[in-house]
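The values are calculated or read from the model by the stated rules, or taken from the named source; none is laboratory data. Here the structure is a predicted model, which means the values were calculated and not measured. Positions of Cβ are generated from backbone atoms using ideal geometry, with glycine treated the same way; all protein chains shown enter the neighbour counts.
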Amino acid sequence: MNTNAEIGMNLYTFREHCKTEADLANTLERLRKIGYVAIQVSGIGPIPPTRVKELLDGNGQVCCATHERLDAYEERFDEVIEKLAVLECDFTALGHPGKGFDTPEAVVDLCARLEKIGARFREKGITFGYHNHAMEFEKFSGKILLEEILTRTKPDHVHFELDLHWVARGGGSPAHWMKKIAGRAHAIHMKDFLILGGNPVFAEVGEGNLDWDEILPLCRKAGTRWYIVEQDQPFGDRDIFESAKITYDNMRKMGLK
């Protein structure tokens, strides 16, 4: 993957604009004009990976990550490997484990399954990660779920695509968790955390309450390669492309490239 870029964009942010091949082509072109070179392929319509790769190549963009479902990793592993090969991508993460992992026994089972999946990917030269939401800060056993995954899986097998907004929304400290996952932080998800009218909302990076001056140096120390933007919803009445530009400009000012 020949790029010096660090800033990425998760297409899940633009899921309403990536349902068809024509929509995806337009979205990728607009993101490239903003400055986004690295793209996480997630949340798009039923578009063949070969065509996605052609569109990325046409814009001088690269695939830095994908998300897949748990059943895809377990039941269609070879298909996932083939997709990653087509996209020339060496990192994939479980976006959400699904329901049913809310008992001590289920937590142990999930960790064992993640460990097995990660070991298979390592044999193929692929880094496997886990992407969190707020649920990982619930204590289904004696520890929060994220801590269980951290301690019950091997560093070489399971990395973390730590979502810093969701860490904060779950009551955790992004800085604390970046320290805890050092060496297992190949990619992170960037969005800000803001309280508006008493409610938590998604905000553009640099426009909320997260302390990026503290967080980003810790990301460097943790070995983060990709700083992937994922804004689940636009802020207020802003167009999501406008939000993407605000975030990109702010991240560049923070020293990311």
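Under the condition of being surrounded by 16 or more Cβ atoms within 10 Å (Cβ to Cβ), part of a helix (DSSP H, G or I) and of a type in the set (A, V, I, L, M), the residues counted in the range 1-33 number 5. Restricting attention to the range 215-245, the residues that are in contact (Cβ under 8 Å) with a residue 24 or more places away in the chain, small (Gly, Ala, Ser) and not in a helix (DSSP H, G or I) total 1. Report whether or not residue 248 is outside any loop (DSSP other than H, G, I, E, B), hydroxyl-bearing (Ser, Thr, Tyr) and more than 30 Å from residue 112 (Cα to Cα). Yes.
Being closer than 22 Å to residue 91 by Cβ, over 15 Å from the mean Cα position of the chain (by Cα) and aromatic (Phe, Trp, Tyr): is that true of residue 193 here? No, not satisfied. One residue alone among 152, 225 is crowded, with 16+ Cβ neighbours inside 10 Å, within 22 Å of residue 106 (Cβ to Cβ) and among the basic types (Lys, Arg), and that residue is 152. If you go through the range 237-257 and keep only what is within 16 Å of residue 26 (Cα to Cα) and either surrounded by 13 or more Cβ atoms within 10 Å (Cβ to Cβ) or among the β-branched types (Val, Ile, Thr) (or both), you end up with 240, 241, 242, 244, 245. Of the listed requirements (1) part of a helix (DSSP H, G or I); (2) closer than 29 Å to residue 157 by Cα; (3) among the hydrophobic types (A, V, I, L, M, F, W, C), residue 89 misses just one: (1). Within the range 64-82, being assigned to a strand (DSSP E or B) and either without any contact (Cβ under 8 Å) to a residue 40 or more places away in the chain or surrounded by fewer than 17 Cβ atoms within 10 Å (Cβ to Cβ) (or both) holds for 66, 68.
Determine if the range 92-112 includes at least one residue that is of a type in the set (D, E, K, R) and either touching a Pro at 6+ places or on another chain (Cβ under 7 Å) or crowded, with 17+ Cβ neighbours inside 10 Å (or both). So far as the range 92-112 goes, no, none of its residues is of a type in the set (D, E, K, R) and either touching a Pro at 6+ places or on another chain (Cβ under 7 Å) or crowded, with 17+ Cβ neighbours inside 10 Å (or both).
In the list 122, 220, 184, which residue meets the criterion of being modelled with pLDDT of 95 or more, among the basic types (Lys, Arg) and crowded, with 17+ Cβ neighbours inside 10 Å? Testing whether each residue is modelled with pLDDT of 95 or more, among the basic types (Lys, Arg) and crowded, with 17+ Cβ neighbours inside 10 Å leaves just 184. When residue 40 is tested against the conditions (1) closer than 22 Å to residue 256 by Cβ; (2) part of a helix (DSSP H, G or I); (3) within 18 Å of the chain's Cα centre (by Cα), the lone failure is (2).
Of all the residues in the range 34-51, those that are out of contact with any Leu (no Cβ under 7 Å at 6 or more places or on another chain) and surrounded by 20 or more Cβ atoms within 10 Å (Cβ to Cβ) number 3.
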